[in-house]
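Notes follow once the structure below has been shown.
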Amino acid sequence: MVVWERPEPPDRPAPAPLSRERIVRAAIELADADGLDAVSLRKVAAALDVGPMRLYGYIATKEELLDLMVDAVHAEIRPTGQGWREVLGSFAEATRQVAHRHEWLADLLGGRPQLGPNTLVTGESVLAAMGDVDLGVVVPAVGAVTAYVIGAVRREITERRAERASGLNQEQWQTTYGPYLTRTFATGRFPALARMVHDGPHLDADETFRTGLDFVLDGIEARLSR
């Protein structure tokens, strides 16, 4: 029986009240503060001031705990809008914002299918927005948006982590590596890259995400209009 269907043990008020929801909330707080490496059944139990063995009545493995954590934060992803384009765009933006609030989510997106109740609600709303469009178009279209979001979010989170690790913000990074690129481009070996750096658009993270998303949605719209 999967974890979402498995009954919880009877409530025991002593030494501390416990529930699957409390366990998942404590795990999310640990992950938000220090990443997934900070999440283990032992550490969650310590945060709840209970013995680790008490958790096993609610969760059998760490993998189940991670599944529950992912599903819990999917409650924050509720696409809105009229029509498929607005709903898919809202889904993309909401997923990105949730990943920014819970950076660890970027490490778990795109793995095995998530089948928790909150995740299913999100998927239902996205698919329902596609209306009566043929499933041969709907499935790859939604898959394309999902793949774009996962890739974009992972890149952003990776860049944020790298910035924290190096201690260099974007301006400092440019100051450090700018002279090297100037010397390299002066050789004439990389004219396309040089043109991009010198003349290309310099978008911030929000603009980059939304521009890329528009390219994906434009492609879906063009396919639907055939």
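Is it fair to say Pro10 is modelled with pLDDT under 95 and surrounded by 13 or more Cβ atoms within 10 Å (Cβ to Cβ)? The answer is no for Pro10.
Given Leu88, Leu65, which one is outside the structural domain of Arg161 (by TED's automatic domain parsing), part of a helix (DSSP H, G or I) and in contact with a Leu (Cβ under 9 Å, 6 or more places away or on another chain)? Give the steps one after another, and end with the answer.
Details: Leu88 fails: outside the structural domain of Arg161 (by TED's automatic domain parsing).
Exactly one of Leu88, Leu65 is outside the structural domain of Arg161 (by TED's automatic domain parsing), part of a helix (DSSP H, G or I) and in contact with a Leu (Cβ under 9 Å, 6 or more places away or on another chain), namely Leu65.
Of all the residues in segment 170-205, those that are under 26 Å from Ala99 (Cβ atoms) and surrounded by 11 or more Cβ atoms within 10 Å (Cβ to Cβ) number 6.
This table checks each residue for (1) more than 19 Å from the chain's Cα centre (by Cα); (2) of a type in the set (D, E, K, R); (3) closer than 17 Å to Asp218 by Cα.
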site	(1), (2), (3)
Leu115	no, no, no
Ala128	yes, no, no
Val137	yes, no, yes
Ala147	no, no, yes
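Among the conditions (1) hydrophobic (A, V, I, L, M, F, W, C); (2) surrounded by fewer than 18 Cβ atoms within 10 Å (Cβ to Cβ); (3) assigned by TED's automatic domain parsing to the domain that holds Ala27, the only one that Leu115 does not satisfy is (3). Within segment 8-35, residues that are assigned by TED's automatic domain parsing to the domain that holds Tyr56 and part of a loop (DSSP other than H, G, I, E, B) sit with their Cβ atoms under 7 Å from residues that are modelled with pLDDT of 95 or more and not polar (S, T, N, Q), at 6+ positions apart or across chains, in these pairs: Gly35/Trp104.
Across segment 176-213, what is the number of residues that are within 31 Å of the chain's Cα centre (by Cα) and assigned to a helix (DSSP H, G or I)? Residues in segment 176-213 being within 31 Å of the chain's Cα centre (by Cα) and assigned to a helix (DSSP H, G or I): 14 in total.
Here Tyr148 meets each of (1) in contact with a Gly (Cβ under 8 Å, 6 or more places away or on another chain); (2) surrounded by fewer than 12 Cβ atoms within 10 Å (Cβ to Cβ); (3) of a type in the set (Ser, Thr, Tyr) with one exception, condition (2). In the set Arg101, Arg96, only one residue is within 17 Å of Val70 (Cβ to Cβ), crowded, with 19+ Cβ neighbours inside 10 Å and among the charged types (D, E, K, R); that residue is Arg96. The set of residues in segment 87-113 being over 14 Å from the mean Cα position of the chain (by Cα) and within 13 Å of Glu156 (Cα to Cα) is empty.
The values are calculated or read from the model by the stated rules, or taken from the named source; none is laboratory data. Predicted model only: the values in this text are computed from it and were never measured. Using ideal geometry, Cβ is built from the backbone for each residue, glycine included, and neighbour counts are taken over all protein chains shown.
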